[in-house]
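The values are calculated or read from the model by the stated rules, or taken from the named source; none is laboratory data. Note that this is a predicted model, so its numbers are computed, not measured. Neighbour counts are summed over all protein chains in view; Cβ atoms, including those assigned to glycine, are modelled from backbone coordinates with ideal geometry.
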Amino acid sequence: MRNPLIKRIPRELRSDWHKYIVIILFMVIMIGVISGMYVGHDSMLAAVYGGREELNIEDGSFELSKKASDELLDGIASGEKADVRAYYIDKGNKEADEEVAKAIEEELNKQVTEGIEEAVRAQCAAYGITDETLIQQQIDKAMTDSFDSALLEAKESDEYQKAVEDAYTEAHDEVIKKVDEKWDDIADRYNLNDEVAPVPVTIYEHFYREESEDNNNDGTEDAVVRIYKSDSEIDKASFNEGRAPEKDNEIAIDRMHADNVGVKLGDTITVGGKEFEIVGLISYVNYLTLHSSNTDQMFDAFGFDVAMVTPDAFDNLTARVHYSYAYKYINVPENKVEKADYSDSFLKSLITQTLVHDSEIEDYLPEYLRQASNFAVSDIEGDSAATSILCYILIGVIAFIFAIIISNTIDKEASVIGTLRASGYSRSELVFHYMSMPVIVTILGAVIGNVLGYTAFKNLAVYLYFNSYSLPTCHAVWSSTALVKTTIIPLLLMFFINLFVIVKKLQLSPLRFLRHDLAKTKRTKARRLPAWSFLRRFRLRILFQNMPNYVVLIFGVVFIQLMLCFAFGLPDSLNHYAKEAPNMIFADYQYMLMDYMDEDGNIIETSEETAEKFSLEDLLYPKAKSSIREGMGSGGDESVSVYGIVADSSYITLEKDTKDGVYISSAFSKKFGIKEGDEVTLNAEYENKSYTFNVIGIVQYDGGIAAFMNIGDFNSTFGHKDKEFSGYFSRNEITDIDEQDIGAVITAEDITKVTNQLMHSMGKFMDVFKYALIVLSASLIYLLAKIIIEKNESSISMAKILGFRNGEIGGLYILPTAIVVVIFSLISFVIGYMLMIWIFHAFMLQMDGYFAFYMTKASMILSIVYLLIGYAAVSLVDFRRIKRIPLDVALKNIE
Amino acid sequence: MGKECLEISNLKKSFGTGEARQDVLRGMNFTVQKGEFCVLLGPSGSGKSTLLNIIGGIDTPDEGYVSINGDKLEEMSEKELTLYRRRHLGYVFQMYNLIPNLNVKENIEVGAYLSDNPLDVEEVLTTLGLQDHKYKYPNQLSGGQQQRVSIGRAVVKNPDILMCDEPTGALDYKTSKEILALIEDCNKKYGSTVIMVTHNEAIKNMADHVIKLRDGVVRHNDVNESKIPAIDLEW
């Protein structure tokens, strides 16, 4: 026979549907939004990573000054270093040989001529001829008659042979000496003497042109568009809409750029003076963000575009061709370090091969350093941190609500439980029975939530990403993280919390259930109250009697405040950081140079008075991984900028000697709780090197995770030459450094640009959260208030029987709750705020960089007001509920 | 009848400590035969409900023992006690303690589910006069009807012993007599031993065996030779 108790479950669901609807709604929103975020996130990453394979992303690219010869391409593809020394020697020898040959020829001619002249003059003297004209005639004749034979004779002489040999040897020796002198410098600079294994590659022609783009055909340039051929075999594009160009007047352009400038499929734009119809909106696999140059701090999806046209259309364009070549390693590197080693090795081959083939490198960039293909990915990868934190808070809230509901249900059904136990129902049968409801509701919520997560909410998340980046179209992929975090963990948590509460509650003997004797401890005497008015004492009694419920309510209010602090505080903190960022920067301009020397080997100097040299190394601080899946949400390691600062710097003051340690920025200290006297170990990202430093002081700088040391100590630590440096700090713009020597300029504006971008991509995300949280808060208060009224149903009914009016009963049962809510919404705001500071810190640990939690006064007040408004609305519902409690409740359910 | 079903030996039980200590059972001894209709009679505070709870295995004595069909309850683990209640006992309380969201028939099935050889639910419904109400929920029934359901839930298990704790305590005179008659019927029809706790002196007249309690001890332990049907009881 099936346990008849099972039949209760659907009826329970039906009879208490509004309670369960609220809970299911709560779960659906929570699981839906969060799994949507995860699924969107994972789908996006899957699309991006899948695209890398499918669309054949390069491992790097280089641009040459002219089209490469087949020999050069073969040389580069071999990955072998060309023998530059031999090339120089060979070249030197050739030049020397020519010079030597020329010199010998001249000398020989001179000597033969002189020899003939001397012989003729001697002969003339012997004959007594003194007439110079006659002598000259004899000389000319002798020259004509015997120069060639004399020359031949001279050339055949041993003396001559030896002299020539000596001259060549001497010249060749001189060439080697000269080459060696210069070679040491060159080899040193490019580490050409290191023995590294060759990295063979496959090379693809990937030429492009940069033309002007006129979106509205008004004759003015709106953007620069980088155009590739549509038949490219490498770095292909995925089509968000439309197709590849087939005719010569067709073009496919970046989807994000099209969105931003407001053009769509079918529109005509003018590119390089020719009209093109847009037939495709694309996302190039290596342009997920429209960084036109790798040194750009931020991408520019308005002023820069990438596009494809047919090969013929490409040939018909007029802007100069950039001879760009992409390459792929034949042996795939396994990790970052290997990638870095490969690219170093490849660069040597590239430099030497272009040199020996008389070409010039215009640009070189390994893919792993390419902003345009990695910026979005690392941003998306880091995004799940906020979602996780929110997820954990909400799981806690739901588990907690269920625990209250179950506990109340058991209290309410004490007599039935007692009777069933007395009749022989075992504890485990009842545990199973009472467990089924939360399990069913959780599963229901989880299923609906997941369905919505994989559909509507996923699209929302993807939309948010699409708003920021030029991403390929993505399809929902199965996200194990989403399942674990939004379904498995809540289910397990729900299961075990409820199991714990139910088992603990059902521990009591059947008799105690029959007697409704469920309290753990019992007061033997009633509390004494001052001689206040009757109603006031009555109210207090109700408060005391419902103490456990109020404790639960207070916890609920704290949770809600925490959530509201989160919803209000996160955008506030971002805004605050954006506002404060310009004040945080320690130099108005920070010029990062490509190298400390220019092309001619001269150290780059400036006449700007406020300029000050600094050195910089980017290292990694290992973070404790805090998420289930490696990488996801963990945000990887923290990037630390280690600065070398000149003595008596006017930008950063280092009081102590940094021989034995470093100063760290206040942001670094706060984020990881590092104090003076602690040790920090920093690792090089692309090398197997670690550095351990003592922290000898804190520099007040909240703008970034940084460490500072004296430039001398910096150079000796990192093995740099004394004269080496990375760039200049300056208060004013530096105008006398060649632009091509400047890698990047960081100004206050750049920091704000980053936070603006953050606000742009996270702002909408936060709004979604805010509204979801407000709905969740209201439902939570609704549930808790409902539980209090339900628990007191028979007392309220009895009060009605005794003749109390609804208003008075409302005053008795709602007012204490209202007072408790008001007082505790203030107290719990403080608690929630403090908790949020702590949680935010944990959240920051998962992100790169640091900024503290901040709330504006208006937000603080609003977060309390929102809660009170929510409560006021719930109170009205409660009052209606009190009015509807029938008189016979007290009479029928005496139990 | 005639075979000993229940033995109570030197049963003692007190509540509280020190000055507040209250001896509820102070050495109680008696036996009940199989199939007997036994009434435990006494004023409130005489320890009759405590005694019933101890017999039912939901309370434990401080001293002495309860033996049912030769098995001592004190020697049973909690699991065995649950099994004992499941197999041998049916409970009827003063409050009906029905499950509000199960209908009449289902409430009775709750009892049937526990038994290895339950009675036919439909038959029990007929016996208890609940056929017309079997799809109603408890809150659609009168007190008497609810008590019938509660009896049905206990009886359908076909228990060895039917424990009734003031089953008519909350009912009016006429309904009380109907309920008593039903219990009497069940006793006769299904042969269950009935142990009924009551403070109503009149009920002793329908019993085979009357045990009067006062201040925690058995004052009278009588076999009723001239029992009358429940329907003829007057009080």
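Keeping to the stretch A:392-434, report how many residues are more than 17 Å from A:Leu508 (Cα to Cα) and at pLDDT 85 or above.
Within the stretch A:392-434, residues that are more than 17 Å from A:Leu508 (Cα to Cα) and at pLDDT 85 or above number 0.
Conditions: (1) in contact (Cβ under 8 Å) with a residue 60 or more places away in the chain; (2) loosely packed, with under 14 Cβ neighbours inside 10 Å. A:Leu192 meets all but one. Number of the miss?
If we test A:Leu192 against (1) in contact (Cβ under 8 Å) with a residue 60 or more places away in the chain; (2) loosely packed, with under 14 Cβ neighbours inside 10 Å, just (2) comes out false.
What is the one condition in (1) surrounded by fewer than 13 Cβ atoms within 10 Å (Cβ to Cβ); (2) hydroxyl-bearing (Ser, Thr, Tyr); (3) in contact (Cβ under 8 Å) with a residue 12 or more places away in the chain that A:Thr144 does not satisfy?
The one condition A:Thr144 does not meet is (3).
With respect to the numbered conditions (1) within 16 Å of A:Ile361 (Cβ to Cβ); (2) surrounded by 15 or more Cβ atoms within 10 Å (Cβ to Cβ), which one is the sole condition not fulfilled by A:Ser69?
Condition (2) is where A:Ser69 drops out.
Only residues in the stretch A:92-105 that are farther than 14 Å from A:Glu165 by Cα count as the first member; pair them with residues that are not basic (Lys, Arg), Cβ under 6 angstrom, at least 6 apart or cross-chain, and list the lot.
Once the first residue is farther than 14 Å from A:Glu165 by Cα and sits in the stretch A:92-105, its partners that are not basic (Lys, Arg) give A:Gly92/A:Val175; A:Gly92/A:Val179.
Which numbered condition in (1) in contact with a Cys (Cβ under 8 Å, 6 or more places away or on another chain); (2) closer than 30 Å to A:Thr409 by Cα is the only one that A:Met44 fails?
So A:Met44 meets the others, but not (2).
Restricting attention to the stretch B:58-78, does a residue exist that is at the interface with another protein chain (Cβ under 8 Å from one of its Cβ atoms) and closer than 26 Å to A:Leu420 by Cβ?
Yes; the residues of the stretch B:58-78 include at least one that is at the interface with another protein chain (Cβ under 8 Å from one of its Cβ atoms) and closer than 26 Å to A:Leu420 by Cβ.
Residue under question is A:Thr486, and the condition is that it be part of a loop (DSSP other than H, G, I, E, B) and either exposed (fewer than 15 other Cβ atoms within 10 Å of the Cβ) or among the polar types (S, T, N, Q) (or both); does it hold?
No: the conditions fail for A:Thr486.
Give me the residue from the stretch B:112-123 that is part of a helix (DSSP H, G or I) and within 13 Å of chain A (Cβ to nearest Cβ) and, out of that set, nearest to A:Arg515 (Cα to Cα).
Filtering first and then ranking leaves B:Ala112.
Could you run through the stretch B:142-158 and say how many residues are within 16 Å of B:Val194 (Cβ to Cβ) and touching a residue at least 40 places away in the same chain (Cβ under 8 Å)?
10
Restricting attention to the stretch B:157-177, report how many residues are surrounded by 20 or more Cβ atoms within 10 Å (Cβ to Cβ) and either of a type in the set (Ser, Thr, Tyr) or not in a loop (DSSP other than H, G, I, E, B) (or both).
Summing the residues that are surrounded by 20 or more Cβ atoms within 10 Å (Cβ to Cβ) and either of a type in the set (Ser, Thr, Tyr) or not in a loop (DSSP other than H, G, I, E, B) (or both) in the stretch B:157-177 gives 8.
Return a yes/no flag: does the stretch A:326-339 have any residue that is more than 20 Å from A:Glu80 (Cβ to Cβ), at pLDDT below 80 and in a loop (DSSP other than H, G, I, E, B).
no
Looking at the stretch B:121-137 only, could you name the residues that are within 21 Å of the chain's Cα centre (by Cα) and within 20 Å of A:Asn3 (Cβ to Cβ)?
B:Val121, B:Val124, B:Leu125 - these are the residues of the stretch B:121-137 that are within 21 Å of the chain's Cα centre (by Cα) and within 20 Å of A:Asn3 (Cβ to Cβ).
Could you list, in sequence order, the residues of the stretch B:99-111 that are more than 7 Å from chain A (Cβ to nearest Cβ) and assigned to a helix (DSSP H, G or I)? Write out each step before concluding.
Quick first cut of the stretch B:99-111, residues more than 7 Å from chain A (Cβ to nearest Cβ) only: B:100, B:103-105, B:107-108.
Passing the criteria: B:Val104, B:Lys105, B:Asn107, B:Ile108.
Could you tell me how many of the residues in the stretch B:85-98 are assigned to a helix (DSSP H, G or I) and either under 13 Å from the mean Cα position of the chain (by Cα) or more than 8 Å from every other protein chain (Cβ to nearest Cβ) (or both)?
Pass one, the stretch B:85-98, residues assigned to a helix (DSSP H, G or I): B:85-88.
If we keep only those that are either under 13 Å from the mean Cα position of the chain (by Cα) or more than 8 Å from every other protein chain (Cβ to nearest Cβ) (or both) too, we end up with B:85, B:88.
Residues meeting the conditions: 2.
Pick from the stretch A:322-337 the residues that are among the aliphatic types (A, V, I, L, M) and within 18 Å of A:Glu58 (Cβ to Cβ): which of them is surrounded by the most Cβ atoms within 10 Å (Cβ to Cβ)? First the steps, then the outcome.
Within the stretch A:322-337, the subset among the aliphatic types (A, V, I, L, M) is A:326, A:330, A:332, A:337.
This time we only want the ones that are within 18 Å of A:Glu58 (Cβ to Cβ), so: A:326, A:330, A:332.
Values: A:Ala326: 23, A:Ile330: 12, A:Val332: 10.
Going through the qualifying residues, I end up with A:Ala326.
In the stretch B:54-78, which residue that is under 15 Å from the mean Cα position of the chain (by Cα) and assigned to a helix (DSSP H, G or I) is surrounded by the most Cβ atoms within 10 Å (Cβ to Cβ)?
Filtering first and then ranking leaves B:Ile54.
Which residue, of A:Ile774, A:Ile831, is under 30 Å from A:Arg880 (Cβ atoms) and either modelled with pLDDT of 75 or more or out of contact with any Lys or Arg (no Cβ under 9 Å at 6 or more places or on another chain) (or both)?
One residue alone meets the criteria, A:Ile774.
Might you check whether a residue that is of a type in the set (Val, Ile, Thr) and within 14 Å of chain B (Cβ to nearest Cβ) occurs anywhere in the stretch A:7-21?
Yes - at least one qualifying residue is present in the stretch A:7-21.
Out of the residues in the stretch B:141-156 that are within 11 Å of chain A (Cβ to nearest Cβ) and in a helix (DSSP H, G or I), which is nearest to B:Ala170 (Cα to Cα)?
B:Gly143
Give the residue that is surrounded by the most Cβ atoms within 10 Å (Cβ to Cβ), with candidates limited to residues of the stretch A:338-366 that are of a type in the set (Val, Ile, Thr) and within 34 Å of the chain's Cα centre (by Cα). Walk me through it before giving the result.
Let us first name the residues in the stretch A:338-366 that are of a type in the set (Val, Ile, Thr), namely A:351-352, A:354, A:356, A:361.
Pick out the ones that are also within 34 Å of the chain's Cα centre (by Cα) and you get A:351, A:361.
Values: A:Ile351: 20, A:Ile361: 15.
Once the filter is applied, the top-ranked residue is A:Ile351.
For A:Ala684, state whether it is touching a residue at least 60 places away in the same chain (Cβ under 8 Å), under 30 Å from A:Ala340 (Cα atoms) and crowded, with 18+ Cβ neighbours inside 10 Å.
Answer is no for this residue.
For B:Thr126, which of the numbered conditions (1) within 13 Å of chain A (Cβ to nearest Cβ); (2) free of Cβ contacts under 8 Å to residues at least 24 places away in the same chain fails to hold?
Every listed condition holds for B:Thr126 apart from (1).
Just checking, which of B:Leu81, B:Leu51 is in contact with a strand residue (DSSP E or B) (Cβ under 9 Å, 6 or more places away or on another chain), more than 8 Å from chain A (Cβ to nearest Cβ) and either under 28 Å from A:Ile410 (Cβ atoms) or buried (at least 24 other Cβ atoms within 10 Å of the Cβ) (or both)? Walk me through how you get there before you give the answer.
Details: B:Leu81 fails: in contact with a strand residue (DSSP E or B) (Cβ under 9 Å, 6 or more places away or on another chain).
Just one listed residue meets the conditions, B:Leu51.
State whether one or more residues within the stretch B:140-148 are at pLDDT below 90 and under 18 Å from B:Gly191 (Cβ atoms).
No, every residue in the stretch B:140-148 fails to be at pLDDT below 90 and under 18 Å from B:Gly191 (Cβ atoms).
Among the listed residues A:Tyr465, A:Tyr454, A:Tyr425, which satisfies the condition of being without any contact (Cβ under 8 Å) to a residue 12 or more places away in the chain and crowded, with 20+ Cβ neighbours inside 10 Å?
Being without any contact (Cβ under 8 Å) to a residue 12 or more places away in the chain and crowded, with 20+ Cβ neighbours inside 10 Å holds for just one of A:Tyr465, A:Tyr454, A:Tyr425, which is A:Tyr425.
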